[in-house]
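First comes the structure, then the notes that go with it.
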Amino acid sequence: MNAPVKKAVLPVAGLGTRFLPATKAMAKEMLPIVDKPLIQYAIEEAREAGIEDFALVTGRGKTIMEDHFDHAVELEQVLSERGKTAELEIVHEAMVPPGHMAYARQQKPLGLGHAIWCARQFVAGAPFAVLLPDDLVKAEPGCLSQMMAAYDEVGGNIVAVEDVPREQTNKYGILDVEMDDGRLAKARGLVEKPDPADAPSTLSIIGRYILQPQVFEHLDRHEKGAGGEIQLTDAMAKTLGDVPFHGLRFQGKRFDCGSKSGFIEANVAFALDRHDIGAEVRAALADYFKT
Ligand code: UTP
């Protein structure tokens, strides 16, 4: 039996420079897809997958997320006085039970690997999940639930993967594949942001991971990789001899909400699916393309 995965780390310390000026005084992870912030989608996906404890790795200007997952006493009082029970329920849905949300400060944005390393006390030797809230996956069951099912089968380290056009390999961590059954790809190597000509495959890692704690043995060394940053991919690659590593081709659609076009596309896709506004948005878009 593989040790159960009950903890998740969500790194949210990035500067979000691609969304300036929106992110000058507000966290990128609070940008809404329709009416719910990105960070809440990630927490909900993790809870659906059985995660009970969360750590957000934050930086300057990110305390807004602590408020988001806490009581909003005055707001709740006003909603309750006005009999707005549906809205009150929405506010309560965003909350995580007391004692199940921890915050670690990254202090300097030295890279994703460094952000994960900042949560090492929280992880405390257990297997754990990592979710990057920028990567929003529309899927049923959720992407992390699909990964948990794969974890029950093969254990070890598991990442969600998708094929990208070869010219884009320099934007992602890429798998060097040893065996591939079309759903699970076993990796013998990993490369962060390889040039298209050197990429060992086009199977790219998206922002969902299940990791064994051995990764910290390598993150502890603070070695810099691509772009001068401490890369998670490099630390995962170093565990390959000790821990099996699989990429799961998840079922669903991933939106890169760290990019403007991905963010807009996600808003359209999620809006079209909503029973309250879907028809209205569809009609407005049809009208828009007519003119
Ligand atoms: P990105 O590469 O999207 O960087 O980080 P960013 O700073 O958030 O955004 P841009 O590129 O300036 O627009 C990917 C994920 O890793 C986290 C980010 O918060 C995001 O979830 N991250 C990255 C950290 O937490 N710390 C870091 O040092 C780097």
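The values are calculated or read from the model by the stated rules, or taken from the named source; none is laboratory data. Values in this document were obtained by computation on a predicted structure and should not be read as measured data. So basically every Cβ, Gly included, is an ideal-geometry build from the backbone, and we count neighbours across all protein chains shown.
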If you go through Gly83, Gly61, Gly113, the only one that is small (Gly, Ala, Ser), farther than 20 Å from Leu232 by Cα and under 20 Å from the mean Cα position of the chain (by Cα) is Gly61
Suppose the filter is under 29 Å from Gln212 (Cα atoms), more than 12 Å from the ligand (Cβ to nearest atom) and not basic (Lys, Arg); does Asp53 pass it? yes
Review point. Is there a residue in region 119-126 that is within 10 Å of the ligand (Cβ to nearest atom) and touching a helix residue (DSSP H, G or I) at 6+ places or on another chain (Cβ under 8 Å)?
Key: no
Practice item. Could you tell me whether Ala104 is loosely packed, with under 15 Cβ neighbours inside 10 Å, out of contact with any Gly (no Cβ under 7 Å at 6 or more places or on another chain) and at pLDDT 95 or above? Key: no
**Message:** Given the criteria more than 22 Å from Tyr41 (Cβ to Cβ), at pLDDT below 95 and of a type outside the set (A, V, I, L, M, F, W, C), does Lys193 qualify?
**Reply:** yes
Pairing a residue in region 187-206 that is at positive phi with any residue that is assigned to a loop (DSSP other than H, G, I, E, B) and of a type outside the set (D, E, K, R), where Cβ atoms lie under 8 Å and the two sit 6 or more apart in sequence or on different chains, gives Lys193/Tyr172
Filtering region 45-69 down to residues that are under 27 Å from Ala139 (Cα atoms), free of Cβ contacts under 8 Å to residues at least 40 places away in the same chain and not hydrophobic (A, V, I, L, M, F, W, C) yields Arg47, Glu66, His68
Just one listed residue, out of Arg208, Arg120, is within 23 Å of Lys260 (Cβ to Cβ), buried (at least 16 other Cβ atoms within 10 Å of the Cβ) and of a type in the set (D, E, K, R), and it is Arg208
Given the conditions (1) small (Gly, Ala, Ser); (2) at pLDDT below 95; (3) under 20 Å from Leu10 (Cα atoms), every one holds for Ala226 apart from (3)
Picking from Val9, Val5, the residue that is modelled with pLDDT of 95 or more, buried (at least 16 other Cβ atoms within 10 Å of the Cβ), near the ligand (Cβ under 10 Å from one of its atoms) and within 24 Å of His114 (Cα to Cα) would be Val9
Here the residues within region 171-183 that are crowded, with 16+ Cβ neighbours inside 10 Å and within 20 Å of the chain's Cα centre (by Cα) are Tyr172, Gly173, Ile174, Leu175
Taking the conditions exactly as written (among the aliphatic types (A, V, I, L, M) and surrounded by 17 or more Cβ atoms within 10 Å (Cβ to Cβ)), does Val154 satisfy them or not? no
Within region 20-38, restricting to residues that are buried (at least 18 other Cβ atoms within 10 Å of the Cβ) and not acidic (Asp, Glu), the one that is nearest to the ligand (Cβ to nearest atom) is Lys28
If you go through Asp35, Asp70, Asp53, the only one that is at pLDDT below 95 and of a type in the set (Asp, Glu) is Asp70
Residue set Gly83, Gly113; condition away from the ligand (no atom under 15 Å from the Cβ) and either modelled with pLDDT of 95 or more or surrounded by fewer than 19 Cβ atoms within 10 Å (Cβ to Cβ) (or both); output residue Gly83
Per the filter on region 123-151, residues among the acidic types (Asp, Glu) and surrounded by fewer than 23 Cβ atoms within 10 Å (Cβ to Cβ) are Asp135, Glu140
